[in-house]
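Enquirer: One structure is given below, represented as structure tokens, and several questions about it will come after.
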Amino acid sequence: MLDEFIRYSALQRDQAPLASLLIYLKRKGGYVQLNQIWRDNGPTGGGPFWNQTTLMNKLDKLERLGIISMERRIIPSPRDEAKKKTNTFYRISPETPIYPYIFGMLKIYREEPDKYSSELVDKPLDHLSDLAGRCASGDPQVGRELDVAMELLGEVFSVRGDEVRRMIKERMARRGMIRESGIPLPVDSPQEIKIKPKRARSAAKKSLKPSRKMERTKAIYEEDAN
């Protein structure tokens, strides 16, 4: 699959349209209706495709390569529910060898102090094929991509590694990827805050009312003293 994709990429005079399409499908994640793909990537949406035939040819080729999968669904017509119409949906296949490295075709740059943007690297498809090929050949540097990404986040937001992990965890929890069990208290928080409420209440009760054993002991001590 990867070799066929590399040969197909070499035939592209302009690599930007196909690279933009792959990034678009990766960002969408699931199935996207063909009409939506055309609206977002055609001239109306400011995309790289000027006619639908070219877009369809790219999608068909990617499907034959196993990069994307296509599904046809019969859904009610928006104008007349009694009528049924067939709609075509596409999504990028997570099993494809280029899937983990698609966002590697983007480079991030700073526009303003608090604003960052991204754009395609030079020859993005060649760069994508190189990343996937290095992974297939067992290049140890490719395995550090997550570490490099976390370092980049730390530099962009001027935070430490533990703060980057917390940001990632919170984002995953918001997207429903993990279940947040609770946010731990900072290490430098006061010790009395860390006491569980139940223990704190029981400690308060003990300090307000002495136990019967303590009262008997106190009475015996006073009697011996007399």
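Enquirer: Only residues that are surrounded by 17 or more Cβ atoms within 10 Å (Cβ to Cβ) and without any contact (Cβ under 8 Å) to a residue 60 or more places away in the chain: list them for the range 41-68, please. Write out each step before concluding.
Expert: So the first thing to find is which residues in the range 41-68 are surrounded by 17 or more Cβ atoms within 10 Å (Cβ to Cβ), and the list is 41-42, 47-49, 55, 58-59, 62, 65, 67-68.
The answer is Asn41, Gly42, Gly47, Pro48, Phe49, Leu55, Lys58, Leu59, Leu62, Ile68.
Enquirer: Would you check if Val187 is modelled with pLDDT of 75 or more, among the hydrophobic types (A, V, I, L, M, F, W, C) and more than 30 Å from Tyr31 (Cα to Cα)? Give the steps one after another, and end with the answer.
Expert: Working: modelled with pLDDT of 75 or more: no; among the hydrophobic types (A, V, I, L, M, F, W, C): yes; more than 30 Å from Tyr31 (Cα to Cα): yes.
No.
Enquirer: Go through the range 91-119 residue by residue and tally those that are modelled with pLDDT under 90 and assigned to a strand (DSSP E or B).
Expert: 12
The values are calculated or read from the model by the stated rules, or taken from the named source; none is laboratory data. Owing to the predicted nature of the structure, the values given are computational and were not obtained by experimental measurement. Positions of Cβ are generated from backbone atoms using ideal geometry, with glycine treated the same way; all protein chains shown enter the neighbour counts.
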